[in-house]
Each structure stands twice: as C-alpha cells, then as structure tokens.
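First the structure, in the form of structure tokens, and then the observations on it.
Here, each number is a calculation from the coordinates, and none is a lab measurement. Quick caveat, the model's predicted, so the values are computed rather than measured. We place every Cβ from the backbone using ideal geometry, glycine too, and count neighbours over all the protein chains shown.
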C-alpha cells in the first residue's frame, strides 16, 4: 500500500480523482497505483487479489491475480426485479463469484479485472444503481429494517433513508467523469463539499434505520442509528443512537467494539439536520492523526457523550427530546412468508453468507433470475411494487408479492432449492459470516467458506445436548475488523491466523450487548471442546426461554473466565 | 591467445606449429587467406593469375548448411587446397565475376525462401546486375524439407541461374532432405574429388591437423557430443486459465566449458515419450526388445524408436514408404502431386502413430528403422545472459500438447517431442544439450545503440537475455520491447521481471498486445490486437528510433515475422516519406547492415 497517509492522499486527490484514469489505462499491471488504491474506495471499489494462488503466481513470475470488488449503494437493500436481472447479467458477464449480499444490504461483485472495471461500472449505472461512496471515509450504504409488518410506515422510513443517502453523497463529480465519461464542468477537481469538506471524514460512517421490535440491522452497531417510533401505524419520530461500531485490532486495547448510546428523540422532519450535525461534528472532532482511533465511537469516548450531544444540538439548532421507550426482541430475520398490513406478502429466504451463485450444487442465481422474471410482470402501485430486499443478515426478502403469485413463487423456490428456510435449524438460519478468503486482503482466516462446515460441526454439539431447535446467534469474521458484526454474536469466531480464531461469547440475541473474549487463538477442535461443556450446562440449567448468551452472563461464565475486552455497558430496557 | 594456442602441445607439435605458421606467412604473401569465417569486404581482389582457390559460400538459417560447408572447408584444407569459407552475406558480390571455383551450400526455408543471410546474394545472382560467368566452375548443395512443395527451391534456383549465366556445372546439384547426411556425405565426397582434380593441391606443408579453433568455445561438447546438463528448474509460467502451457527452464552448464551469447540457441536432443513408442510398437505388432541392426548399429527396437528416430513429425518420404506397405488407394491419392494441399494438411495434423492407425500396414523392425527419419535435436533460443546467470542456460518453451480431433481419449494425446521431453523432465535430471551459435542475432556491438525487440509468445526468450546482458554491461542504449500473447492475466510471460526492469530503468518502453482480451468491450468489432498493431500505433516513434540508429529484432512465429515485416514497411513508407518498394529496400539494407535480425520458427 501507499507510503502516504490516507489524509495526505485525500488532500492531494483533486476530490477523489487521483491518477485513476492513468492507472486504469496502464496495461503493464492489473493493479492501480498505490494512492489510487485508496481513492477507488470512494468510488465503491476495492482492489483485491486471489489469495489462494498468491504463491503460485509468484513462482510463475506473474504478479498477484488482481481483481476488483465493486459494492453497490442500495439504501435499505432495495432493488426492483428489473434491476435484479441487470445485476445478475453483470455478475455473469464481468464478475467471478456470483452476487454477494453484504451485511449492509448491498451487493458485491468480486473478480472484476481492471480492464473491464469501467465497463462494469457503466453497466451498473445503466441499471440505475450507483456505487458511489460504498466504501471509503464517507457515509456508507444506509441500512433499513428489511421486513416490515407496518407497511405504510416502513415505506416512509425507507423513503427517508434513501433521501438521506442521496443527501450525504459526496459532491465531487469525479465518479461521473471517470466512469461515465461525463464532461468536466467548471470547478472540476475543486468541488465544494459542504458536508464533508476537502478531506472527507476521518473514517467510514454507518447509518441505520431500525423498526422495533426487530433489530435486524443491529442499530447499536451503527455510528448513527434512527430507531423508529411507530404508534398505530403512524411514524411519530425516531430515537437517535450514536457511537456504535464494530472493529478492533487484535491485542490492541486502544481499539474495541462499542454499542451506540441513545441520546434522545426527534421528529421525522429533523432527520437530515441531526445527521448533518453528527457527521460534521465527527468531521471536525474525529482523530485524523491516529487513524485507528478515528471512528465516531472513539471521538465520543475521548470527548465525552454529554459534550458530544451538546455540540450536535448546537449545530442542529435544536435540542433532542427525551427518548421514548424502545424494545427489540431479536436481531435476526424472520423467515418464510409474512403479511404486511396492506395485505401484500413478503417471503424471506435464507441465503447462506449471502452468496448467490450457481456453484457447488447450488442453483440460486438461476432460481432468483426466474423469480425476478415472474415478478417483472406483476403490476403494483408505487408503494407496493414487488421488490427484492437484501437484509442486514445477508438474506433476501421477496417483497410485495400479491397473494395470487404466492404459489408460483413457492414452486420456483422449491425447484431451485431456495427453501432452506423451511428445514434449517435456527442457528443455521441466523449465522452470518463476512467474505474473507480468497478475495479480502485483510482476512486472517476463513469465514464465508468455513461457515457451512462449522455450522455442521456445531449442530452435532447441539444435537448431543438436545438444543437443535434453540436459536443461538453465531457469527464468523475473518479478522477483527468485524464486518459480520461478530461482537454482537452469542457465539463468535474472530479470525486470528489460518484455521485459528478468538472465541467470543455472551452477547444477547437483540444486538444490545457485546460479547467478551473467552479463548484466544484456538482451532476448531479446541473451539468445539470449549463449547461442549457450556452447552451441556445451558441445557441443564437454563430457565424457561432463556437464551444462551444471557445464560452465560447469568451463570458467570463470561465474567468469571477472562478479562472483558469491550468497554460498553449493557443497555437497560426502558419501561 | 598464443598461450591458449600452445597450451598442451608437445615438442613435436610445437615444431610442426612453427612450420605451419611459416606456411601461413607465405600464403599471406600471395594474398590468400586460409580457413577463416570473416567478412572480406575490404579484401583486395584476387590476382587474375593467382593460383586457383576454392570459395565455399553458405546460406544457413539454423546452422545446418553452415556445418556442411565447414566440413567441406576442413576437408579441402586438409587435402592441401587453398580455401576460403564465407557466409552469404559476407561474400563480396563484385568478386563473383573473378570467381573460378565456387561451391554454394544453401538451405531453403518454408515456402521457398532463402535464409535471411543469403537474401542479398540470391537477389544479386538472380537479378539483372549478375555478370556473365563463362569462367566459373560451380556446384550447389541445397538443404530442405521434402514435406514442403518448394523443396530445395533456392538451391535449384541458384543452380539453374548460374548455368544461365554461362558457368559450368562442376558437379550435379545435391538436394538434401531432413536426413541431411544421406545426400550430403556422398555429395561432399564428390565435391572434394572434383576440387582436388581442378585445383592443384599445394605442396603439403605438414600433415595439417586442425588446431583447437580459436574463436569457438574451448568446450569439447557439441551437437554430436552433447553435454549432459542438469535441469535446475522446470517452472510453468503461464497462469491458470491459460490455454497454453509455457515453461521456464534453467539448466546447469557447470563443468561444461560451454559459453553462449544472447541470441544463441540451446540444442536439445529429446527422447520420445515412452507411451508413444509403446503405441507405435502395438500398432505394428512389433517386439520392442528385439535387436534391430541398422547402419552398423544394433539396438533394441524400442531404443531405436525412443532415442534415434522421429516419431512426432511426419515427412513425405515416410508417408510414401508407408503407402507401399499399406497399399491403400486413399493414401496413394494423397501423395499425388495435384493433392499438395490435402497432403500438407495431413502432415500438419497427424503424427506417425496416426498414420499407422489410419492406414494399417505391415512393417518389419528393420524396415521401420531404415524408413523413419533420424531424430533431430530441437533448438530453443536462450533466454538468459551468462553475465547475469553464470553457468546456467535458461529457456522459454511452449509445451506442445494436444488431442487429435480435439477429443480427449486414452489414445488421442499427442506431444511435441522436445517440448514434452523438457516438460516431463524433473529437476535433477540430466538432459543432452549443446550450444548452437547464431551470429546473426546479436546485440549491437555499440552498447549506446537503442534496440527494438519484437517478441510475442515464447519469442520473448532471447530478449530476456538481451535485457539481462545490457543491464550487466551497463549499456547506455535504450531497450524497447513489444510483447503479445492471448490473455494479460495468464500469459504475460515474465511479467514480474519486466515490471522490475521498467522500474529500474533497464527496460525503457514496453508495449503489449493481448489478443483475446477486451473482446467483450464495446468496439470489439475491431478484432484481436497483435504486436504489429501496436507497432503501427507507435509508428512515428519506432521510425525515429530507427533513423537514430536503433537495431530491430524479431523473434517468434514465421507468420508473425511476416506481419511485422509488413508493418515495418508501412511505418517506413508512411513516416519516412518513401514508396513501398523503397521502404522494402530500406529494410533489406538494414538487414544487410546487421541492424534488422530475425529468429523466426
């Protein structure tokens, strides 16, 4: 990577242009120039290489097998059937590993080579989707609760989320010049960025909109969370939470995951003002010297929550009201068919690790293509047109299906074996994993590719203790960055080295309590050996309806064994 | 030099040496130079009444014709005759009218083309400026490959033309096929006899025993006595997903005394794949263990087929022979003169085993050994400079492996003999090799000259050596490489090394053409991009470099060489304001000056 600091790269980049055009045109390498590798993130792409064959390539006197990951900006994870078909075609033509649904309700394409990067970006844009600001030190994809039971209010929330995502886009025209060949207007290279300023944010920024009682987006893992307050189907406003964030470095106590703090309540019309106030405060106060301490969570811990809140209110021009009661029951998805209050149906399908492809016996890509074609023909008004919605748990909701189409959809789901949700154990249904190998450059261990095998081994343990039907929240991350929100897992594996993980235990099932380090740097056999007695105790000692994570806390397993790494305190459930 | 010369000579030899040197001195007084392969462009014209001497001129692409010519020269000189031996491009054409005894040994390439070093001489003799030659006695030995329709065309052309110009055909022309010695040996004997009759031998100064050659290596290893080189590295360098299997080989020359220059080739004596030998024996129901005697040598048939005979390449003589064994009408028809195209296709698409299976016939072991061509070594352009790699020889070779009919089955796998021999060799194994010099493909002596290298695919091999050498000697001249292949991701041979060379300023320009990339892009109706397209794109600068004295090198497939040549003509015509004809002449002139060299195969 570059010898320049990220701040210096942003500074000299002419608003995120750098030397991208030259880098893209250089045929001698499939990589970008060092600084451009940082800048392309703001355009929604990461440079990667196939780590499985790194050594083989070197011996063949070839450079690493470079390729690019592209991530879409899709607020709330919503695409139309027509868009789905275009994305499918793009994945089939230009990418290598199907479509990947992320933990932030976005699509990722992997394996796009540099020479075809522009064509792929153009194709995505032709589907009326962009990739702007999907990565980089800016506001990322805005997540929204995926499966509404309150249809009209959900539509309002989604609309606000989409509007906020647009509002927070960088002003630079770099994206349009580089990928879409749009002409350079006056001021090109020096566009005014009223929200971000010339060097954008100190680090990534994540916003989420939750609709209680379901916390499928893990709102307390977001930098800024809006928790809808809906009464009798009407959106009254939002409880605002700040300072959540996954992400840590192994063995570095200066870095840690954090749960967001609820700081008050706002009316719907105040969303933009509060978002701008929080973001500009972070822009100005965030640590630009020590990058590992740059996230909002550290800014709040450094300055103090009250001080931070006061500044936000000052910039917004109003005070937040007292927070309203809130309650979450679960942070997983609800699978199968559910009906909204408008009569339309929503089918949540289980897609393990969000990977949609026709490989290894799976024909999910073909199956969803067929479903999309069916839905293309279904008429609907603006509120309830059929949609595909990605969930923050890497699953897929086929939304707004009229009653008359249910049978047809079901038949396709069965035919293409998309119906795992019917038979999988709760643990298998809810487990999530980040991409990790072979494409992620930061991965220390396998995650996505390991998930099915670990689940199988873990289910054997569950069977042994009669716990097969108990939902236990399991998450695997290839590294401590925490893209699969591992610190909120009742059981989490955080990769440390090939085949070795830190075992974290004891979060709750609502996304309101972090877990703690239980064992460090152990392999699968040791992980299973550590879990076995705990599951035995759980089976024998649990109270009625008690979840595994809660049990571990009550039984003193967590506090008794190891030092607590996380600094956040559990949130009280307000009356 | 004197020390090397006299090293190891005993008293008798030293006395002999003084006599020999005296003889050389008296020859020099008469203005005649003895056995040296040097250009004589400044040599004075021979006196009209100087004693007769034999001029032997050779035109050679891969070294065979040169070797034959050298044999004759040695033999003639040993017989006490005055001899001069010249490469065709070193022969001063203005001396032709004064020539009295001329032997030409010349090969024919591909579709009836002369070797590169003989283009000028052939054009001169065939052209309008050729003088009448009533006083010339000449003899022509042609080398060629009867699998091509224009077999030995150049030899024939010269033989007939010289007769047209009034010269006397001294001995009948010889046309040697791939089994060179079969024709060449008796022809050389006849030529020597004729030469001894016509040119009174000088009083022998001594029994002339050839001294150790001064300019060649001090190594005893050569084509017919190969060195067993240890294989150090057998590394595939085409990435996964490539349609080709390209290998990088490193062999040890330690202890051999062998030296090579960038541009030289390594000759490899292959052994046929054992499975192929088995298949041939099975097809003919022959016992591989039975000893077969041929030409005074008795070996098990399996060993003949494995080590001494060509099994992977068909030739017309063998097909014709097999036709008599198979008695098959269809095969006979294919051999008919008017079926040349179909026959060429048969040769290209089939190996010996395919012919034996398609047209069954009976052969005895003796017949088979007699009819199959002797196994020939294959030459690979060396991909290294000894100034960088020391006692190692590096190669870049495509492993030729395919299925006949394109369908894989137990019986359908076919290989290139030497490339498969190399590809299946394991590190530590010893392989029989020799150095084949290629003086026509050399870096400029002046290291401040720029060089332009065009080497797609495995043609890039010598240029790896060129850049290594120029780096080692600290050359000032700039290096420009044009490389092409199918896919950038998997076929960019030595990518890391070129990237490093660019970074260090050891390679100054690199232009790339990956013919199967970008075909999904909009505008791909333009079709595949090859190195000649890149050349044309860079035409102005290429032309400027050449005007500035740059040397141009092309290495790789024959067809590519033709396309590149055509592109160069366009460039010189377009940017040099010349007509196409003049541009062609300009290129020929560059070639004659040694500034345009080709190593195509």
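Annotations
- Fewest-first ranking of B:175, A:223, using other Cβ atoms within 10 Å as the exposure measure: B:175, A:223
- Percentage relative contact order, segment A:397-521, counting C-alpha pairs under 8 Å, at least six apart: 19
- Spatial separation of Cα centroids for segment B:90-139 and segment B:405-443, in angstrom: 36
- Global geometry of the protein assembly as shown, whether rounded, prolate or oblate, following the gyration tensor of its Cα atoms and the 1.5 cut on a/c: prolate
- Separation of the residue B:220 and residue B:570 label points, Cα + 7 Å toward Cβ, nm: 5.5
- For chain A, a/c is less than 1.5, where a ≥ b ≥ c are the root eigenvalues of the C-alpha gyration tensor. That puts it in the rounded class.
- Relative contact order for chain B, counting Cα pairs under 8 Å that sit 6 or more residues apart, in percent: 12
- Antiparallel content of DSSP bridges confined to chain A, in %, to 5: 80
- Distance from segment B:530-562 to segment A:147-177 (C-alpha centre basis), Å: 55
- Fraction of antiparallel bridges per DSSP, the protein assembly as shown only, in percent to nearest 5: 60
- Summary value for segment A:73-187: 30 percent relative contact order, contacts being C-alpha pairs under 8 angstrom separated by 6+ residues.
- Using the rule -39500 (n - 2.57) for each DSSP H run of four or more residues, divided by the residues of chain A, the 222 nm mean residue ellipticity is -9000 deg cm²/dmol.
- Global geometry of segment A:491-531, whether rounded, prolate or oblate, following the gyration tensor of its Cα atoms and the 1.5 cut on a/c: prolate
- Principal axis analysis of the Cα atoms in segment A:307-366 yields extents of 56, 30, 20 Å, listed in decreasing size.
- For segment B:44-174, share of DSSP beta bridges that run antiparallel, in % to the nearest 5: 5
- Distance from the alpha carbon centroid of segment B:289-306 to that of segment B:242-276 works out to 26 angstrom.
- Calculated FRET efficiency for the pair residue B:303/residue A:497, C-beta based, R₀ 41 Å, to 0.05: 0.15
- Residue-averaged 222 nm ellipticity for chain B, from DSSP H runs of 4+ at -39500 (n - 2.57), nearest 500: -10500 deg cm²/dmol
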